[in-house]
Each structure stands twice: as structure tokens, then as C-alpha cells.
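Only one structure is covered here, and it is reproduced in the block below.
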Amino acid sequence: MSNNILQVISPVDGKVYIERPYHYDIEIDQALTKAVQAQKEWKYTSLADRKVIMESFVKAFTDESDAISKELSWQMGRPIQYAPGEVRGTEERALGMVDLANNTLKNIQVEEKDGFNRYIRREPLGVVFVVPAWNYPYLIAVNTVVPALLAGNAVVLKHSAQTPLCAERFHEAFEKAGLPEGLFQFLHLTHDATADVVRDNRIDFVAFTGSVSGGHTIQKIASERFIGVGLELGGKDPAYVRADANLDFAIENLLDGAFFNSGQSCCGIERIYVHENHFSSFVDGFVDLTNQYVLGNPLNESITLGPMAKLSGAKWVKSHIDQAISAGAKALIDWRQFKGQELGPQYIPPQVLVNVNHKMDVMMNESFGPILGIMSVKNDEEAIQLMNDSPFGLTASVWTENEDEAVTIANQIETGTCFMNRCDYLDPYLSWVGVKDSGRGCSLSQVGFEQLTRPKSYHLRNRTH
């Protein structure tokens, strides 16, 4: 294989699915020059006109749902019956940001003062460099791409080497929507070339989604310049099932929150704390439903659990299971009953572990796979302490019939989002933000536009007064 060629190894069959040439110095320079030039004109395009193009982009994108869904399954292994959900989610988020743009991007008027007109305008930054992850490749990218363009920026997208077709699909949809040339471009880049783009003076903001180590690297490189960086770096998201929870509802939804996408979600449920009164019943119900998953080729409509996207991820999950069992944990799922494992080492059945503790990797380090640890707790105080005992802080969920109690608990949990009776979901009208090692910055909601714009004050004096 040439070092100049990007190869996508499909988790479906372990073979090369697509190849693309990497972009290097000349192509990078041309792309950034075009982005700067295009943004200078786009900045003065009315918001109404920008919104029309974004809506046309959404239509062009969703029209290709079938093809996009199949490509998604081949690139990262999601079962084909679930793949169209990412297209619908991308539509929801994009149109949500379009809806929010009017009130969010309008001028901020300050208190009236005789003889003066004073206001704050939200100015676009310039060129936004977006570096998303492969696990929800369209959903992660759209969080920044659409609001950045709505705010008057140009966008350069470097997608994950596992899902490069996603960048190309976005480009095709923007072309069909009539977005002026140069405003949205994609580059297939090596790690070194990505670092060079971050260093380039033509880049004004970087939005990165990935690992904690990757976030440290991006932040270190960006610190050589005075530009903003948004980092979404994953999590070890907990759930707490209180004594008053509806168990059947909690089991069904937490199972999906833990194992959907083979557990490869930064906000997926990775650890559950259950009130001791319901621990046995909860675990029994959870195991029963887990055993109903069907592991196999994701292109088969009957499959509900596909392969993990990368072999390294599968090995990581197995290491967490092995380490936990060696330290005293008990595995409740018999993998021998799951067909599909013969398809390859990335076809990992789900696993549920009890007798776990916070000395084990499965309860402290991001697993990013279809495994889950469940612990019994005596009360809210113990649950809160354990939920906060983590280097991560992306989301947490509380399962209860009492909203006041849920808010009281949420106020004490160190996360960017707290759910009640829900998990593993991003609402475009709410801010998406992490604390601790889950990252920095904010996307989605009206607050998400703030990191993609800069305030500019207008202080206008009327000399006739």
C-alpha cells in the first residue's frame, strides 16, 4: 500500500472497501486559499439566503438516504436497519440550527442612550476546520458544519480515515444546494498534514471530536496561535436507577443506550448504578434483553448488533472484560450462544458485568464497546459519589418518577448534560458540552453559535444631539 493512499478497511469483512488519495501541500494550500476568498463574500450574504441554502442542503442529503445508509454500514459496521436513523438525526440537527439562527445571530441591542446607537454584532470567525470522529460521522460533523456556515464562515472538513465518504457526501449535497464554491471543502489528510492545517494562519477555529490524547495534541498545536478550539473527547457516562424508577422502562432504554452502535458512542451508557432494592430484578431483566441481540453481518436486515469498527477497539473491549474478571467481576452473558463471531475478530457479543468496582477499567476508563458494568448502591448520596468518581463528564442519566429529585441529583453531578428517563441523545436546542476530560467548548443550541462567531461592538454617535 502506498503511503499516499487512504485505505478504509471495512469491519464487515475485513477487506479494503474504498481507497482515496491523501491531499498534500498544493491541494491544501489551494483549498485554504479558496476558503478565505469565498468567506469574504459569504460574510455579506444575508442570513435569509444562507438559510435557504442550508435547507436545500438538507433536502439533497436526505434524498440519498438509502445509499448513505449502506455506505455507513460498510464503513463502520452499523446494522443497516439502524443506519437511516443517522440521516434523520442529521436532518433534525441541521434544521434545528437553521431555526435557531435568526434569534441567535441577530444584533444584540444594549440600553438606549440619547445621541448614540449601540449594539453588538456577531461576526463570523473566518475559516472553521472540522475534524469529526467515525462513530456518528454525519451527526458529529453537522453539529459544527451547518451552524458555522449559517454564521458566515467557510468550512474545511477533514473526516475520519474510517469514514471519508461522509465528507464527500456532504460536499455533493452542498453542491446540489447551490452553496458558492470554496465555502465547504473536504480534505483527506494524514495526521501530520492535519497538524499543519491547524497551524496555518488561514484557519480561525478548530472543532475536534476524538480521544483525550488526540484532544491534547490538537490543543497543543493550536496553542501556537490565538485561535479557539472546541474539543469533544468522549466519556464514561453513568446512569442511576432510583428506588422509584419504572424498571421495565429503564431496562429497555438503558440497554439501547449501552449497546446501540455496538457501544461505540461517546455519550453511550458505560456504567449503571441501581438502588439495592431493585438490583437483582434490574440485572435479571437487563441480561434477558441483552441475550435477544442478534450479532452478524450488518447488511442483513435482521441483525441488531454489528461488528466494532476497528480491530483495535475490539481488542480494547476484550482487555477490559479480562481485567475485570481477573479482579473478581462476574460475566453474565454466555458468548457461546451468539452466532456471528465466526465472521471476524471485530464481531464482539455484548457483555454485562457485576461484582465490579472503581478499581476496574470497565468502570473508570472509556470502553467504547458493547460491555457494561452494573453496581448496587444504597441511596442517592452513594450514587452521586460514584457517578462523579470519573475523569470524564459528558452526560449522566437519572431514572426516577420524581422530577424534583432528578433535578436535585443533577445539580450535584459533574457533567455537561443530565437526563431524566432518557440517555444517549443530543437535542439540537440544548447545548452539547463536556467537563473534565470530556472536553471543552460547546456545540448545538443558541450557545453553540458563540464559539463560531466573535462579538464586534458598534458605538455610533449622532453629532446632531
Check: Could you give every pair whose Cβ atoms fall below 7 Å, whose first residue belongs to the range 117-143 and is over 30 Å from Arg461 (Cβ atoms) and small (Gly, Ala, Ser), and whose second residue is in a strand (DSSP E or B) and at pLDDT 95 or above, counting only separations of at least 6 or pairs across chains?
Finding: Ala133/Thr209; Ala141/Val130; Ala141/Leu157
Notebook entry, point to check: List, please: which pairs have Cβ atoms under 7 Å, are six or more places apart or on different chains, and start with a residue in the range 243-254 that is outside the structural domain of Ile409 (by TED's automatic domain parsing) and end with one that is crowded, with 20+ Cβ neighbours inside 10 Å?
Noted result: none
Check: Would a scan of the range 151-162 turn up a residue that is modelled with pLDDT of 95 or more and either surrounded by fewer than 18 Cβ atoms within 10 Å (Cβ to Cβ) or over 30 Å from Glu55 (Cβ atoms) (or both)?
Finding: yes
Margin query: Contact list please: Cβ distance under 6 Å, first residue in the range 167-189 and in the same structural domain as Ala141 (by TED's automatic domain parsing) and without any contact (Cβ under 8 Å) to a residue 40 or more places away in the chain, second residue buried (at least 16 other Cβ atoms within 10 Å of the Cβ) and not in a helix (DSSP H, G or I), pairs at least six apart or on different chains.
Written below: Ala167/Leu157; Ala167/His159; Ala167/Phe186; His171/Phe186; Phe184/Val155; Phe186/Leu157
Item checked: Total residues in the range 48-59, condition of a type outside the set (Lys, Arg) and surrounded by 17 or more Cβ atoms within 10 Å (Cβ to Cβ) -> 4
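Please indicate, with yes or no, whether at least one residue in the range 322-343 is part of a strand (DSSP E or B), touching a residue at least 60 places away in the same chain (Cβ under 8 Å) and at negative phi.
No, the range 322-343 has no match at all.
Within the range 7-60, track down each residue that is of a type outside the set (D, E, K, R), assigned to a helix (DSSP H, G or I) and farther than 30 Å from Arg121 by Cβ. Quick ask: steps written out before the conclusion?
Here is the first cut: in the range 7-60, the ones of a type outside the set (D, E, K, R) are 7-12, 14, 16-18, 21-24, 26, 28, 30-33, 35-39, 42, 44-48, 52-54, 56-58, 60.
Filter once more, keeping what is assigned to a helix (DSSP H, G or I): 26, 28, 30-33, 35-39, 42, 47-48, 52-54, 56-58, 60.
If the condition is that a residue be of a type outside the set (D, E, K, R), assigned to a helix (DSSP H, G or I) and farther than 30 Å from Arg121 by Cβ, then Ile26, Ile28, Gln30, Ala60 are the ones that fit.
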Item checked: Members of the range 315-343 that are in contact with a helix residue (DSSP H, G or I) (Cβ under 9 Å, 6 or more places away or on another chain), of a type in the set (Gly, Ala, Ser) and buried (at least 17 other Cβ atoms within 10 Å of the Cβ) -> Ala324, Ala329
Margin query: Of all residues being of a type in the set (Gly, Ala, Ser) and out of contact with any strand residue (DSSP E or B) (no Cβ under 9 Å at 6 or more places or on another chain) in the range 3-55, which is farthest from Gln341 (Cα to Cα)? Just the residue, please.
Written below: Ser46
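Kindly indicate the residue of the range 113-141 that is β-branched (Val, Ile, Thr) and more than 23 Å from Arg202 (Cβ to Cβ) and also surrounded by the most Cβ atoms within 10 Å (Cβ to Cβ) among those meeting that condition.
First, the residues of the range 113-141 that are β-branched (Val, Ile, Thr): 120, 127-128, 130-131, 140.
Subset that is more than 23 Å from Arg202 (Cβ to Cβ): 120, 140.
On the way: Ile120: 14, Ile140: 28.
In this case the residue turns out to be Ile140.
The values are calculated or read from the model by the stated rules, or taken from the named source; none is laboratory data. Since we're looking at a predicted model, the values are computed, not measured. All Cβ positions, even for glycine, are placed from backbone atoms using ideal geometry, and neighbour counts span all protein chains on display.
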